[in-house]
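The values are calculated or read from the model by the stated rules, or taken from the named source; none is laboratory data. Since this is a predicted model, take the numbers as computed values, not measurements. Here the Cβ positions follow ideal geometry from the backbone for every residue, glycine too, while neighbour counts run over all protein chains shown.
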Amino acid sequence: MGQITFGGLASGLDTEAIITALMDVERQPINRLEEDKTYFKEELNAYSEFDGKLSALNDAIKEMDSLSELSSYTASSSNEGLLSASADSSALPGVYSIEVVSLAEVQKDVSPEGFSDTDSKTLNGSLTIGETTIEYIDVSLNELASLINDSDSGVSASIINDGTEEGYRMILSGDQAGVTTEILGSGSINIDTATDGHTRNAVQAHIVVDNIDIYSNDNTINSAIPGVTLDLLDLSSSGETLTLKVATDNEAIEQKVNQFVSSYNDIINYLGEQKDADWGNDSSFRSTKRKLQSLLTTQIDTGGSLTSLSQLGLKTDYKTGTISIDSTSLNNIIDNDLEGLTTLFTGPNGDDGVANMFGDYLDVRTDSVDGLYAVHQDSYDSNIKRIDNRINSMELRLIKKEDNLRAEYTALELLMSEMNAQTTYLNSINTPS
C-alpha cells in the first residue's frame with residue numbers, strides 16, 4: 001500500500017512543495033554527475049571527429065607512399081573512334097604511331113537446317129566440337145543448345161528465327177576471338193566446317209605499332225606498349241595511322257598533393273576550433289599537432305636535389321599553421337624532376353620517404369586498439385560506468401530520503417491534527433453555555 005500524505009491539511013504548510021525543494025537540493029550531486037557524463041560524451045565526440053580527420057590525412061598520404069601510386073601517366077589517342085588507351089604507373093612517356101588493321105572476332109556457324117519450333121523433342125544425332133562429342137536423342141532445339149553450352153567445348157549455342165515457316169536455326173559462336181574450332185555434325189544438324197568453312201571465320205586483332213605487327217586474340221591489348229592498355233574500337237582506313245601519346249599526368253599528381261594539403265589543413269583548423277573547449281589544450285592534441293608540423297620540415301637524404309616538402313612550393317601560414325602549395329613550382333618539378341619528387345615521398349629505398357613517415361605516425365595515432373580515439377573510448381566507457389554506478393547508488397539513497405521526509409511530514413500532520421482537535425475540545429469546555 002502506498003504511503004498516505006495529508007499535504008498540509010492540519011499545519012497549513014505546502015509540504016509537497018517543501019519536500020520537492022529539499023529533494024532538489026539533495027539531487028544536486030546527481031545533476032553534477034549528469035553534467036560530467038555530457039562533458040565526457042562531448043569530449044569523446046571531439047576525439048572521434050579528430051580521428052576521422054587523421055584517417056583522412058592518412059588516406060591522402062597513402063596515395064603517395066609508393067612509386068606505383070605516385071607515378072601517374074596518361075595515354076591519349078588522336079582518334080578515340082578507332083582506339084582508346086589508358087596507362088598505369090609502369091608506363092614510360094613516349095609517342096607511338098598505330099594502325100588498326102583488324103579487330104578480333106569469334107567464329108560463327110549457322111545450322112543449314114531450319115526448324116519449325118524449339119520445343120519438339122524430335123532431334124537426334126551427333127556433334128563433335130573440337131575434342132568434345134555430344135550425342136543427342138529425342139531432344140528439342142532448346143535442349144540441344146543447353147547440351148552444347150554445358151559441354152565446355154569452346155563454342156556457345158544460341159537460336160535465331162529468320163521468320164520463315166522453318167525459321168529456327170542454331171547459331172554456334174566461338175567463346176574466344178581469334179581461335180578456330182572445327183565442328184562436325186550428323187543427324188538433325190549436318191555441318192562440316194573443316195570442309196565447308198565457317199559462316200564467319202575467327203580473326204585475330206592486328207595492329208601495327210611503329211611499323212611492328214602485333215596480333216592478339218582480344219580487342220584489349222596490354223602487352224604491346226609497357227604499362228599501356230589499348231582498346232581497339234574500329235579499323236583504320238587503308239594506310240591511315242593514329243598517334244598515341246603517353247605522358248606524365250601532372251593533374252593527377254597535383255591532385256594527390258593538394259588532397260594531402262587539404263587534409264592537413266583540415267586537422268589544423270579543427271584543432272584551432274577546439275581551442276576554447278575544456279579539452280582543447282589536451283596534451284594528445286598538442287603533441288599530434290607538433291609532430292605533424294615537425295614532419296612537414298623533415299629533411300630526407302634522397303641522393304638528389306629534392307630533400308624537403310618546402311622545395312615543392314609548400315608554405316606555412318605562421319599565424320594559422322595551415323599550409324599552401326604553389327602549383328607553378330609543383331608542376332615545374334613534375335615536368336623536370338619527377339624522379340626526385342617520387343623519391344622525396346617514397347624515399348631512396350621505396351619505403352622511407354616523407355609519405356611513409358607521415359603514414360607510420362598516423363597509423364599509430366588512428367590504431368583501433370591503441371590510437372587516440374580508441375584510448376579515449378576506453379576511458380569514456382570506464383568513466384561512464386563509474387558515474388552510472390554512483391548515480392544508481394545515490395538514487396537509491398534519495399528514494400529512502402524522500403520516503404523519510406514524507407514519513408516525517410506525515411507524522412507532523414497527524415500530530416498537528418491531534419493538537420488541533422485537543423485545542424478545539426478545550427475551547428469548547430471553557431466556553432460559557
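Numbers below:
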{"item": "Answer residue from region 377-433, given it is among the aromatic types (Phe, Trp, Tyr) and at pLDDT below 85 and is nearest to residue 20 (Cα to Cα) among those", "result": "409"}
{"item": "Pairs, first not assigned by TED's automatic domain parsing to the domain that holds residue 266 in region 287-312, second among the aromatic types (Phe, Trp, Tyr) and surrounded by 15 or more Cβ atoms within 10 Å (Cβ to Cβ), C-beta under 8 Å, six or more apart", "result": "none"}
{"item": "Exclusive hit being surrounded by 13 or more Cβ atoms within 10 Å (Cβ to Cβ), over 20 Å from residue 199 (Cβ atoms) and in contact (Cβ under 8 Å) with a residue 24 or more places away in the chain, set 126, 120", "result": "126"}
{"item": "Check on residue 265, in contact with a strand residue (DSSP E or B) (Cβ under 7 Å, 6 or more places away or on another chain), assigned to a helix (DSSP H, G or I), within 30 Å of residue 44 (Cβ to Cβ) and not acidic (Asp, Glu)", "result": "yes"}
{"item": "Helices (runs of 4 or more DSSP H) (entirely within region 315-386) containing at least 1 residues that are under 26 Å from the mean Cα position of the chain (by Cα)", "result": "338-346, 354-365"}
{"item": "Positions within region 103-133 being in a strand (DSSP E or B) and small (Gly, Ala, Ser), in sequence order", "result": "125, 126"}
{"item": "Boolean, residue 26 is at pLDDT below 90, among the acidic types (Asp, Glu) and under 30 Å from residue 417 (Cα atoms)", "result": "yes"}
{"item": "Residues of region 150-159 classified as over 18 Å from residue 121 (Cα atoms) and either outside any loop (DSSP other than H, G, I, E, B) or not assigned by TED's automatic domain parsing to the domain that holds residue 117 (or both), total", "result": "2"}
{"item": "Lone unmet requirement of (1) outside the structural domain of residue 85 (by TED's automatic domain parsing); (2) closer than 30 Å to residue 244 by Cβ; (3) out of contact with any strand residue (DSSP E or B) (no Cβ under 6 Å at 6 or more places or on another chain) for residue 182", "result": "(2)"}
{"item": "Residue pairs meeting the criteria (Cβ under 6 Å; at least 6 apart or on separate chains; first within 14 Å of residue 41 (Cβ to Cβ) and in the same structural domain as residue 29 (by TED's automatic domain parsing), in region 382-400; second at pLDDT below 85 and not in a helix (DSSP H, G or I))", "result": "none"}
{"item": "Yes/no for residue 403 being in a helix (DSSP H, G or I), of a type in the set (D, E, K, R) and in contact (Cβ under 8 Å) with a residue 12 or more places away in the chain", "result": "yes"}
{"item": "Members of region 79-113 found to be buried (at least 16 other Cβ atoms within 10 Å of the Cβ), over 15 Å from residue 199 (Cα atoms) and in contact with a Gly (Cβ under 8 Å, 6 or more places away or on another chain), listed by number", "result": "87, 91, 99, 104"}
{"item": "Checking residue 260 against (1) surrounded by 14 or more Cβ atoms within 10 Å (Cβ to Cβ); (2) at pLDDT below 90, the condition it does not meet", "result": "(2)"}
{"item": "Selected residue (only one of 248, 288 is more than 25 Å from the chain's Cα centre (by Cα) and under 18 Å from residue 67 (Cα atoms))", "result": "248"}
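Each row is one residue, and each column tells you yes or no for (1) surrounded by fewer than 19 Cβ atoms within 10 Å (Cβ to Cβ); (2) modelled with pLDDT of 95 or more; (3) closer than 30 Å to residue 134 by Cβ; (4) not charged (D, E, K, R).
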| residue | (1), (2), (3), (4) |
| --- | --- |
| 182 | yes, yes, yes, no |
| 208 | yes, yes, no, yes |
| 213 | yes, yes, no, no |
| 218 | yes, no, yes, no |
| 221 | no, yes, no, yes |
| 228 | no, yes, no, yes |
